[in-house]
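The values are calculated or read from the model by the stated rules, or taken from the named source; none is laboratory data. Fair warning: this is a prediction, and the values are worked out from it, not measured in the lab. Positions of Cβ are backbone-derived with ideal geometry, glycine not excepted, and every protein chain shown enters the neighbour counts.
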């Protein structure tokens, strides 16, 4: 998951950390995010699950209500970070929790292989969501801690999201194939058995690949962690970054309106719309690789933020060119590729301002703000589409593009997270 070209890069400027250590971390971060892409609610099990619930006669609103509880483990992500920051488990702040929570996720999927009642299925999936969401926080904490130590936050982030999107491609293909060739219950149970291998692989990888110094729940450690947490809450820099993330992701979303537009106006079939998502993921994989190889080590974060604003506005306006299937394929691939630059830049910016002593809580809190703004943007975009623009997608796209450009106003106030780390040359 890391090539020889990257080895030459990381060996030159990693804060004294060996190239072999960086390779080990790169492999681990890629594996964990691949496992998350396979195992989370929108992963491989998603289509077989919907297929099975539909076969039981449940309507779409009943399915939505039934599965709503699965969002809870993702909403409370800062709690996992706070617990692991403050309370070492068997002497480790990250490693032991990764063992435990990925074990919980694997157990939930294995339990699901024998269930048929919808309520029991949701209980099993709740365990898997709890395990995967907490694992996500713990791995991000490791990424922040090691990324700040090595100066490779951007590279670690791009590695994670490249493999997450590879998993998204795989999930769509395998989940669709299972739903096509098996009966609904068999498709669901087979998918659960396959997906259980993902968190199980993380458990094994954690044992072999993670090197973490033991921590004690002593007064000194407690004071250090509390100090890091309090400094983060009082940090003007962190609040500026939080505000920028919220503003960026609050841009009125046209995701749901676009879905309706493609069905009602462009007459796209459901299967083709699903294929577009996979095409976008292919572009995102390439985008993550390009970011890691050619951008992450060459340009300061603030320069990439300005580039991200331009790309974000430009790719938004590009949806005005969506008129048929050919333009849809080209558009989804291109925007999937280019959208990774803003995403990885913003995630790297968030990681860089987290205090190492409270990295789990702080990064999870920033991501919760980012995600909450995204939820509000969907509501706002849908309201504008229905009430103000009378189901016309063009005006909403233009509003979103202009709103994205407004991020230029906040960008100059962002911190210089690359201070003291000159960009590397070469590959």
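Okay, here's what the table says:
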read-out	value
Matching residues, segment 30-47, being assigned to a helix (DSSP H, G or I) and at pLDDT below 85	46, 47
Within segment 291-316, tally of residues that are surrounded by 15 or more Cβ atoms within 10 Å (Cβ to Cβ) and closer than 11 Å to residue 397 by Cα	3
Qualifying positions in segment 269-292 - part of a helix (DSSP H, G or I) and either in contact with a strand residue (DSSP E or B) (Cβ under 8 Å, 6 or more places away or on another chain) or at pLDDT below 85 (or both)	270, 271, 272, 273, 274, 275, 276, 277, 278, 292
Members of segment 77-113 that are without any contact (Cβ under 8 Å) to a residue 40 or more places away in the chain and not in a helix (DSSP H, G or I)	89, 90
Within segment 1-29, tally of residues that are at pLDDT 90 or above and crowded, with 22+ Cβ neighbours inside 10 Å	5
Considering residues of segment 236-268 that are in a loop (DSSP other than H, G, I, E, B) and in contact with a helix residue (DSSP H, G or I) (Cβ under 9 Å, 6 or more places away or on another chain) only, the residue modelled with the highest pLDDT	266
Identity of the residue in segment 172-214, within 24 Å of residue 20 (Cα to Cα) and not in a helix (DSSP H, G or I), that ends up modelled with the highest pLDDT	210
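Okay, residues lined up against (1) within 23 Å of residue 344 (Cβ to Cβ); (2) touching a strand residue (DSSP E or B) at 6+ places or on another chain (Cβ under 7 Å); (3) at pLDDT below 90:
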residue	(1), (2), (3)
356	yes, no, yes
374	yes, no, yes
377	yes, no, yes
385	no, no, yes
398	no, no, no
405	yes, no, no
419	yes, no, yes
426	yes, no, yes
